[in-house]
Amino acid sequence: MSQSSPNAMSQAERIARVAELNDALRRSIHSPGRNQIVMTAGVAALIGEVALFRGFRRRAEILRIVRDYDSFTPDNDPIGEHDFGRFEFEDAILYWKIDYYDLELAYGSADAANPEVTTRVLTILLADEY
């Protein structure tokens, strides 16, 4: 991709850039920098106590599934931003989704293709919490 400013990008370039940034967040799921990874109360209950090996292993497995997710199709990713996924874990259906906020997490991001003005929040949730 060229080094042009984010404002000079075409719509296709913007979508590709957002997908690239979203994929980078998932690849760095254990060290997201300014971005955040959160799990809902339902996922926490499914995992159990992470101080115990079983809970720790479950949490690690869920994070690995989200990190390695690559099942994007036009049906589940119609825009192409790689911002949502669905998977099964221990008979439960889970989703992950990425939302874009300003740096203070007060408002939506003015430009999700620009990491200088965007904090990404990846949320892992049970399907029935959506």
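Tabulated results
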{"item": "Count of residues meeting criterion [of a type in the set (A, V, I, L, M) and either at pLDDT below 95 or more than 20 Å from G42 (Cβ to Cβ) (or both)] in region 73-130", "result": "8"}
{"item": "Residue in region 58-68 that is at pLDDT 95 or above, in contact with a Lys or Arg (Cβ under 7 Å, 6 or more places away or on another chain) and either among the small types (G, A, S) or part of a strand (DSSP E or B) (or both) present", "result": "no"}
{"item": "Filtered residue count, region 13-60, keeping only those that are within 28 Å of P74 (Cβ to Cβ), over 12 Å from the mean Cα position of the chain (by Cα) and not hydrophobic (A, V, I, L, M, F, W, C)", "result": "4"}
{"item": "I93 open to solvent by 50 Å² or more (accessible area, probe 1.4 Å) and under 16 Å from E20 (Cα atoms)", "result": "no"}
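The values are calculated or read from the model by the stated rules, or taken from the named source; none is laboratory data. Not measured: the values here are computed from a predicted model. Virtual Cβ from ideal backbone geometry, glycine too; neighbours counted across all protein chains shown. The area values use the complete protein model at the heavy-atom level, side chains included, leaving out ligands, DNA and RNA. Shrake-Rupley method; radii C 1.70, N 1.55, O 1.52, S 1.80 Å.
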